[in-house]
Each structure stands twice: as C-alpha cells, then as structure tokens.
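The values are calculated or read from the model by the stated rules, or taken from the named source; none is laboratory data. Just so it is clear, the structure is predicted and the values come from calculations on it, not from any experiment. With ideal geometry, Cβ positions are generated from the backbone for all residues, glycine too; neighbour counts draw on all protein chains shown. Side chains are part of the model used for accessible areas, which takes the heavy atoms of the whole protein and leaves out ligands, DNA and RNA. Shrake-Rupley method; radii C 1.70, N 1.55, O 1.52, S 1.80 Å.
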Amino acid sequence: MCKKINLLFFILLLCGLSGCSRAAAAPEQGQHRMTDISSAEAEILSMTGSIQETETLMGDRIILTDEEIFARHAESVPPGSYASLDTVIRNRDRIFFQISYSEEMAQYTYRNQLYVRSLGKDEDTLLYDTSDAYCLNGICANDMYLYWVEYVSSPKSDGAGVSVSFKVMQCQLDNGNISCIAERNGDDYYDMSLQVSDRFLTWYDVHIQDPEPTVELVVFDIEKQRFQERTAVEGDIQGLTVALYNSYMGITENGITYFMKDDREQLYIRRENLDTGATDTILLGETKPYDKIAACFSDSRYIGWYTDYGDRGDYYFYDTDSEKLYLWNAKKDGMYIFSNYFCGGKLYFNNTANHYVYVWDLPTGQVRCQNFGEDAYWIRSYGDGNLLYLGTSSIDTAGCCALHGGD
C-alpha cells in the first residue's frame with residue numbers, strides 16, 4: 001500500500017534544509033551496508049503545484065548539418081555508396097562526431113571516421129580513420145580521452161563463416177595516441193556499452209553461456225591505466241551475482257550502481273564507491289514483481305530504480321539518509337519520459353508529450369522546466385557525472401546542448 005505525501009511534508013521529511021540530522025551515515029572506506037526494504041511502504045510523490053518554467057536550464061546549443069559536414073569531409077563518396085553523420089558527443093571544451101560510409105542496401109559500414117572540433121571554432125581535426133571495422137559504437141569522452149567499441153570481422157580458420165571481435169579503443173586527446181585496451185571474442189561475449197567519468201571507464205562483460213549468460217563488472221582506472229581487480233565483498237550473501245536489466249553501468253560521484261540477485265531469486269541494488277570500495281546495498285525482494293524493471297541509479301544519498309519506459313514508468317527513490325522509500329508515477333503527472341539521468345539529488349528527464357526538459361530537485365521538491373523543441377534528444381553525461389548535455393538528432397542534423405541544474 002502507498003500513501004500520498006504533500007509537498008511541504010516532503011521537503012521537511014527529506015531534510016532539504018541545512019542542519020537536519022541524518023538517520024544513518026554512509027559507508028566509509030571499505031565498509032559494506034545491507035538494508036532490507038522489501039517490506040517498506042513507499043510514500044507517493046507528485047510534481048503537481050511545484051513546477052516552474054525557466055530559461056536557465058539550457059546552455060550553448062551546437063548543431064551540425066549533413067550538408068556542412070559532408071561538404072567538408074565526404075565529397076568523394078563513390079557511386080552506389082553514401083555517408084552518414086552518426087554520433088555527436090562532447091566534453092567540456094570539444095565536440096566529437098562520427099562519419100560512416102556504407103554501400104546502398106548494405107547492413108554494415110565499410111569505413112568509419114572520428115573528428116574533433118573545439119568549441120567556439122570552425123575547424124575539424126581527423127582523429128581516426130579505419131576501414132577495418134564494420135561498426136563503431138559506444139563512443140564517449142572525458143577531457144583526457146575518447147573511447148569507443150570497434151566491431152571487427154575476420155574469416156574463421158576453418159573457412160566456415162567469420163569471427164567477430166569487439167575492441168575497446170582509447171584515444172589520448174593531447175597527443176592523438178590510439179590503443180586497444182580490451183578485446184572480446186564475439187563467439188563468447190556480447191558487445192559492450194561504455195560509460196566514462198573523469199577517472200573511470202565501465203562496462204558489463206556478458207559471457208554467452210547456457211542456460212543463461214553470466215555477467216561481470218569491468219572497471220578501467222583511467223588515471224592508472226589499468227583494470228581494477230574485482231574482489232568479493234567481505235561477508236557478502238552467498239550466491240549473489242550481477243543481474244543485467246540495462247546494458248549501461250553509469251558512474252556518478254565515482255560510484256557505480258547495478259542489480260544483483262541471490263540463489264532465492266531475490267533482487268538487490270548495490271551502489272559501489274570505486275575510490276573507497278565501500279558498498280551500499282538494498283534488498284528489493286523477489287524478482288518476479290520486478291519483471292518490467294528498466295534500470296537503476298544512485299548518487300551518494302539516493303539509490304533508485306524505475307520500471308518500464310514512457311508514461312508507464314514508476315520511479316522509486318530510497319533515501320539512505322532518512323531510510324525512507326518514495327514512489328513517483330510519471331503518467332499521473334502527465335509525463336512521457338524518453339530519456340532520464342539522476343545525479344546530485346536531481347532527476348533530469350525530457351517529456352516527449354510537450355518537448356520540455358525537467359529537473360526535479362528531490363531534497364527541496366523544486367521542479368524546473370524549459371521548452372527545448374521538436375528534436376529527438378537524449379540526456380547524457382561527460383566526465384564527472386554531474387556535467388550533462390542533451391544529444392540531439394533529426395533527419396539531417398545532429399548536435400548537443402549543455403544542460404544545467406537550474407540553480
């Protein structure tokens with residue numbers, strides 16, 4: 001059963017004002033906390049009456065057009081082929097974009113290029129040009145490095161078909177050096193979805209096995225240029241394994257968030273601090289009621305998850321300070337969410353019903369919104385998880401726009 005909570009009570013309850021005491025301290029260096037919320041009663045949240053329209057959420061908007069980019073870089077496309085302006089991403093002071101080349105009616109590309117452009121300038125530099133890979137995916141960047149996954153095929157030694165490998169590539173932006181930091185055989189693994197922060201690069205290794213795939217967490221320490229050794233949490237529940245509901249393992253405040261399940265098919269969410277090794281784990285209960293789970297998220301205070309997409313999603317927020325569970329139903333507030341991001345105690349999302357972007361500050365209950373327009377867009381992070389932008393696309397354009405917290 002759920003009960004409704006009004007805005008004033010919600011603000012006081014979540015201790016948005018300074019000086020409020022905390023119910024429980026966050027785990028420190030190497031500490032591990034387990035909390036059972038499977039019987040917790042969720043209190044209903046609503047945005048009604050707390051939404052304010054503003055003009056301060058959006059920063060500079062950058063739009064690249066097919067006509068401009070192809071005139072510069074794709075003038076000599078042979079007959080029967082075409083070029084595509086694919087991914088456009090950014091970091092603090094640069095944008096990166098991909099041009100792919102394909103033959104008409106072909107499933108894959110035969111050439112891929114990555115370019116960089118400094119913000120405020122009108123000059124592009126070619127970073128990478130390959131005809132070996134039939135696809136580049138998962139492109140992401142911080143201020144020091146650009147990363148992507150490269151799909152490469154080669155004939156099998158017995159001549160029976162082709163083998164596919166997935167290569168995680170790294171480009172050092174200050175000198176252009178490019179290296180492969182990891183490689184997986186496509187016969188044994190699914191492809192990876194990369195996420196990057198200032199310090200870490202993460203992905204799930206999904207090993208193809210019967211009766212079901214096994215999942216491992218991969219964390220690359222960018223500063224040390226080596227992979228973290230994954231060790232078992234001391235005193236952890238026996239048989240606890242990673243459960244995959246979403247292909248991305250986001251990084252916020254140097255912490256990752258992921259689902260786990262035990263031998264009894266009970267579902268957990270764990271936040272792990274990659275600097276200290278401390279973990280904060282909540283037990284949701286049996287997996288069956290959570291068949292429609294879409295993803296989980298967290299910051300240093302909240303651990304949450306949501307079910308389904310669009311206007312069907314329920315968003316749950318567990319406040320580790322007050323040890324309270326909250327529930328928000330997007331449909332009841334007239335929201336149809338296409339993309340979302342959670343960090344710094346704020347839920348960022350877009351409402352495709354009215355083309356507005358919203359920022360909901362949970363500790364204060366304040367909601368701010370701004371009309372963005374008709375383009376399809378995704379909310380993405382670069383470097384530190386608190387630095388966000390909108391990735392945009394239309395039929396013949398692609399671009400990005402800085403997104404602020406509205407403070």
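In this calculation the C-beta distance from GLU103 to GLN52 is compared with R0 = 51 Å, giving a FRET efficiency of 0.50.
Our analysis of the stretch 137-237 gives Rg over Rh at 1.03, with the two radii drawn from alpha carbon positions and Rh computed by the Kirkwood formula.
For the stretch 287-394, the relative contact order comes to 15 percent (Cα pairs under 8 Å, sequence separation of at least 6). So what is the relative contact order of the stretch 181-318, in percent, for Cα pairs below 8 Å that sit 6 or more residues apart? That works out to 15 percent. Spin-label model, GLN225 to MET34: label points 7 Å out along the Cα-to-beta-carbon direction sit 4.0 nm apart. Looking at the P(r) of the stretch 216-284, how many percent of alpha-carbon pairs lie beyond 16 Å? Summing the P(r) of the stretch 216-284 above 16 Å gives 49 percent of all pairs. Rg ratio for the chain: its Cα radius of gyration over 2.2 N^0.38 Å, N being its residue count, equals 1.03.
When each of the peptides 109-122, 90-103 is scored by the mean number of other C-beta atoms lying within 10 Å of its residues, the order from highest to lowest reads 90-103, 109-122.
With no solvent and one point per C-alpha, what does the Debye sum give as log10 I(q)/I(0) for the stretch 26-174 at q = 0.10, 0.18 Å⁻¹? Cα-only, vacuum Debye calculation for the stretch 26-174: -0.60, -1.07.
Quickly estimate the mean residue ellipticity at 222 nm for the chain, helices only: each DSSP H run with n ≥ 4 gives -39500 (n - 2.57), and the total goes over all residues, rounded to 500.
Taking each H run of at least 4 residues, the total per residue is -1000 deg cm²/dmol.
Using alpha carbons only, the radius of gyration of the stretch 101-171 set against its Kirkwood radius gives Rg/Rh = 1.07. Here the extension length gained between ASP132 and ASN354 equals 75.6 nm, from 0.36 nm per residue of separation less the Cα-Cα distance. Using C-alpha pairs under 8 Å with a sequence gap of at least 6, the mean separation divided by the residue count of the chain gives a relative contact order of 18 percent.
Heavy atoms of the protein chains alone define the surface here; on that basis the chain has 48 Å² accessible area per residue at 1.4 Å probe size.
As a rough guide to protection, the peptides 394-404, 252-262, 159-169 ranked by mean Cβ packing within 10 Å, highest first, stand as 252-262, 394-404, 159-169. The share of accessible area on the chain that comes from carbon and sulfur is 46 percent, using a 1.4 angstrom probe.
Reported to the nearest whole Å, the Cα centre-to-centre distance from the stretch 95-148 to the stretch 236-295 is 33. Checked against a 19 Å cut-off, the cross-linked pairs LYS292/LYS331; LYS261/LYS332; LYS261/LYS346 give Cα-Cα distances beyond that limit for LYS261/LYS332; LYS261/LYS346.
Extension gain, ASP396-ILE237: 0.36 nm per intervening residue step, less the Cα-Cα distance, totals 52.1 nm. The distance separating the Cα centre of the stretch 321-350 from that of the stretch 53-83 comes to 32 Å. Taken one residue at a time, the phi angles of the stretch 143-159 give Karplus couplings (6.51, -1.76, 1.60, θ = phi - 60°) of 6, 10, 9, 10, 10, 7, 9, 10, 9, 10, 10, 8, x, 5, 4, 8, x Hz. Gly and Pro are set to x. The dipole here belongs to the chain: it is taken about the Cα centre, uses +1 on the Cβ of Lys and Arg and -1 on the Cβ of Asp and Glu, and is about 860 debye. Just so you know, the averaged projected area of the alpha carbon convex hull for the stretch 292-407 sits at 7.5 nm².
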